[in-house]
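Undergrad: Take a look at this one; I'll ask things after.
The values are calculated or read from the model by the stated rules, or taken from the named source; none is laboratory data. None of these values were measured; they are calculated from a predicted model. Glycine also receives a Cβ, built like all others from the backbone with ideal geometry; neighbour counts cover every protein chain displayed.
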Amino acid sequence: MADNQHRQLKEAIMKVKVSILLFALSMLPAAPSLAGDGSYGACFGRVVGISDRYNPATGSGFLALRAGPKPAATQLGELFRGDRVTILARRGSWLKVDTDSQGQGWVSGNYIRSSCK
């Protein structure tokens with residue numbers, strides 16, 4: 001009888017451990033990921049890899065915020081190293097972003113560091 005009680009106790013302890021683990025996992029934030037429609041959940045990034053020397057004539061020192069996901073699209077604004085963006089969607093290597101000060105537009109994903117890429 002003692003062996004049966006010991007086995008039942010071990011099973012009960014295992015069930016408690018599994019319950020605690022499942023609860024702990026359920027409390028973790030969901031990892032941001034790209035949805036099938038090309039959109040993200042709440043996902044943030046920062047501008048990186050941009051020179052700190054601003055020169056609009058040569059295109060250095062800023063990341064162009066564009067109206068569409070291509071280099072020839074109209075430039076809507078300029079982002080600088082360290083600027084924070086909300087990533088809304090991806091098309092190829094381009095990211096649709098929302099900025100605090102310049103609204104929405106497209107940027108090259110090569111210059112955005114984010115956990116959701």
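Undergrad: So Ser39 clears everything in (1) surrounded by 12 or more Cβ atoms within 10 Å (Cβ to Cβ); (2) polar (S, T, N, Q); (3) modelled with pLDDT of 65 or more except one condition, right? Which one?
TA: (3)
Undergrad: Here is a further query. If only one of Ser101, Ser114, Ser108 is surrounded by 11 or more Cβ atoms within 10 Å (Cβ to Cβ) and modelled with pLDDT under 95, which one is it?
TA: Exactly one of Ser101, Ser114, Ser108 is surrounded by 11 or more Cβ atoms within 10 Å (Cβ to Cβ) and modelled with pLDDT under 95, namely Ser114.
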